[in-house]
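*Asks:* For reference, the structure I am asking about is given below.
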Amino acid sequence: METTNQTNELVLNTYVENNPVAVLLSSVAQSSRSTYKLDLEGISGLLGVQDPFIFPWASLRFQHTQMIRTMLTETVSHTGKPFAVSTVNRKISALRGVLKMAWRLGQMSAEDYYRAIDIGCLRGETISAGRELATDEISELMGVCSRDPTMAGVRDAAIISLMCTCGLRRSEVVGLNLGDYDQTTGRIKVLGKGRKERTVYLVNEAAKAMDDWLWIRGDFEGALFTGFLSGFDLFPLELTNRRLTSQAIYVMLTRRGNEAGIAHYSPHDLRRTFVSHMLKLGVDINTVSKMCGHSSVMTTARYDRRPEATKKEAAELIHIPYKSRNKGRCGRSE
């Protein structure tokens, strides 16, 4: 799979002026380009063309896009199962996007374009991916960081604390600069998706973890979280001003999870854990949505990973004035 940088280079090296795929990729966020390219590659591959850059998108009409939609719903993924509803709809969105670019480039008439995109999204719902980390799992992660006598242990504890208590994406974490954090108030200015700014607050033990890291880091300008001179931070000897990458965060969290002996989790699961914990504590979903930088509370709701027991506890809060006529029936007491 190509990295984002390789995809960016491919876009730049492709004749952008008349290529709807290249124009589309240049118009989306850098972090999304690889996904868009893979989705378009999958669609063109279904029709026998492996390279989406040379596929004749402008020649597609309604009958073709409807056929593509059907093929996507029937295609089996590498897991041996059909694509999830969300995956199919994401690919349809990419298809609509490249057709819009073909229209804007004058390669399709407005009538052909609007007819071609007149295909419905797939309806349905699947169990959301990811999980919520339990409190003891987070404690284990913090524990292995505390037992690490190196500077990396202090830094990693601050990063994990930040992601768990503020719900930041790893791309947002690595994008932070020292000036974005007010150590007195705990206020952090975050630049999220779509270049939307928001503020979050680091408090309590998480703020203490950050204070410990800043004592080591020093007050030089630049990235809030930096790397070390030695490879992979296994035996960090000297701090550098080199900004961490999203991949470095992924590697670090994986390594700390293995050291803690907890079940596999993704970096985004820390964000899901934040949302679940906030909702569990009774924080209203609108506030949680703003803290996460979501444009819709519907998006925030999809991050909720509270266990089934939470649903049962909620159901037990409701009572109706009914007295059973058969005491002991079904093994239930009054």
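*Asks:* So if I check each of ILE68, ILE43, ILE138, which one is in a helix (DSSP H, G or I) and under 30 Å from ALA260 (Cα atoms)?
*Replies:* Details: ILE68 fails: under 30 Å from ALA260 (Cα atoms); ILE43 fails: under 30 Å from ALA260 (Cα atoms).
Only one candidate qualifies: ILE138.
*Asks:* So, of the residues in the stretch 7-48 that are surrounded by fewer than 16 Cβ atoms within 10 Å (Cβ to Cβ) and over 29 Å from THR245 (Cβ atoms), which turns out to be modelled with the lowest pLDDT?
*Replies:* Per the stated criteria, the residue is TYR15.
*Asks:* Here is a check on your reading of the model: is VAL174 in the same structural domain as SER276 (by TED's automatic domain parsing), part of a strand (DSSP E or B) and either closer than 22 Å to LEU253 by Cβ or at pLDDT below 90 (or both)? Even if it seems obvious, please write down each step before you answer.
*Replies:* Working: in the same structural domain as SER276 (by TED's automatic domain parsing): yes; part of a strand (DSSP E or B): no; either closer than 22 Å to LEU253 by Cβ or at pLDDT below 90 (or both): yes.
Criteria not met by VAL174.
*Asks:* With the condition kept exactly as written, say whether any residue in the stretch 239-254 is among the charged types (D, E, K, R) and outside any helix (DSSP H, G or I). Quick ask: steps written out before the conclusion?
*Replies:* Pass one, the stretch 239-254, residues among the charged types (D, E, K, R): 242-243.
Of the ones still in play, those that are also outside any helix (DSSP H, G or I) are 242-243.
For the stretch 239-254, residues among the charged types (D, E, K, R) and outside any helix (DSSP H, G or I): present.
Every residue, every condition in (1) in contact (Cβ under 8 Å) with a residue 12 or more places away in the chain; (2) acidic (Asp, Glu); (3) farther than 22 Å from HIS268 by Cβ; (4) in a helix (DSSP H, G or I), yes or no:
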{"site": "ILE159", "(1), (2), (3), (4)": "yes, no, no, yes"}
{"site": "THR165", "(1), (2), (3), (4)": "yes, no, no, yes"}
{"site": "GLN183", "(1), (2), (3), (4)": "yes, no, yes, no"}
{"site": "LYS189", "(1), (2), (3), (4)": "no, no, no, no"}
{"site": "GLY194", "(1), (2), (3), (4)": "yes, no, no, yes"}
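*Asks:* Additional query: Collect the residues in the stretch 218-236 that are modelled with pLDDT of 90 or more and under 27 Å from PHE274 (Cβ atoms), keeping them in residue-number order.
*Replies:* Hits for the stretch 218-236 are GLY222, ALA223, LEU224, PHE225, THR226.
*Asks:* Among the residues that make up the stretch 80-96, is at least one of them in a loop (DSSP other than H, G, I, E, B) and touching a strand residue (DSSP E or B) at 6+ places or on another chain (Cβ under 9 Å)?
*Replies:* Step one: of the stretch 80-96, the residues in a loop (DSSP other than H, G, I, E, B) are 80-81, 83-84.
Next cut, touching a strand residue (DSSP E or B) at 6+ places or on another chain (Cβ under 9 Å) only: 83.
Yes: the stretch 80-96 contains one or more residues that are in a loop (DSSP other than H, G, I, E, B) and touching a strand residue (DSSP E or B) at 6+ places or on another chain (Cβ under 9 Å).
*Asks:* Ok, one more. Please indicate, with yes or no, whether at least one residue in the stretch 117-137 is closer than 30 Å to ASP212 by Cβ and modelled with pLDDT of 90 or more. It would help to see each step written out before you state the result.
*Replies:* Narrowing the stretch 117-137 to residues closer than 30 Å to ASP212 by Cβ: 130-137.
The next check asks that each one be modelled with pLDDT of 90 or more; those that pass are 136-137.
Taking every residue of the stretch 117-137 in turn, at least one turns out to be closer than 30 Å to ASP212 by Cβ and modelled with pLDDT of 90 or more.
*Asks:* Kindly provide the set of residues from the stretch 202-231 that are polar (S, T, N, Q) and part of a helix (DSSP H, G or I), ordered by number. Even if it seems obvious, please write down each step before you answer.
*Replies:* In the first step, residues of the stretch 202-231 are kept if they are polar (S, T, N, Q); the result is 204, 226, 230.
Passing the criteria: only ASN204.
*Asks:* Does the stretch 270-288 contain at least one residue that is surrounded by 10 or more Cβ atoms within 10 Å (Cβ to Cβ), at pLDDT below 80 and not aliphatic (A, V, I, L, M)?
*Replies:* Taking every residue of the stretch 270-288 in turn, none turns out to be surrounded by 10 or more Cβ atoms within 10 Å (Cβ to Cβ), at pLDDT below 80 and not aliphatic (A, V, I, L, M).
*Asks:* For ARG123, state whether it is in contact (Cβ under 8 Å) with a residue 12 or more places away in the chain and exposed (fewer than 14 other Cβ atoms within 10 Å of the Cβ). Before the answer, list the steps.
*Replies:* Working: in contact (Cβ under 8 Å) with a residue 12 or more places away in the chain: yes; exposed (fewer than 14 other Cβ atoms within 10 Å of the Cβ): yes.
In short, yes.
*Asks:* A follow-up question, please. Taking the conditions exactly as written (aliphatic (A, V, I, L, M), in contact with a strand residue (DSSP E or B) (Cβ under 7 Å, 6 or more places away or on another chain) and either surrounded by 15 or more Cβ atoms within 10 Å (Cβ to Cβ) or at pLDDT 90 or above (or both)), does LEU239 satisfy them or not?
*Replies:* Details: aliphatic (A, V, I, L, M): yes; in contact with a strand residue (DSSP E or B) (Cβ under 7 Å, 6 or more places away or on another chain): yes; either surrounded by 15 or more Cβ atoms within 10 Å (Cβ to Cβ) or at pLDDT 90 or above (or both): yes.
It is true that LEU239 is aliphatic (A, V, I, L, M), in contact with a strand residue (DSSP E or B) (Cβ under 7 Å, 6 or more places away or on another chain) and either surrounded by 15 or more Cβ atoms within 10 Å (Cβ to Cβ) or at pLDDT 90 or above (or both).
The values are calculated or read from the model by the stated rules, or taken from the named source; none is laboratory data. Quick caveat, the model's predicted, so the values are computed rather than measured. Here the Cβ is made from the backbone with ideal geometry for all residues, glycine too, and neighbour counts use every protein chain on show.
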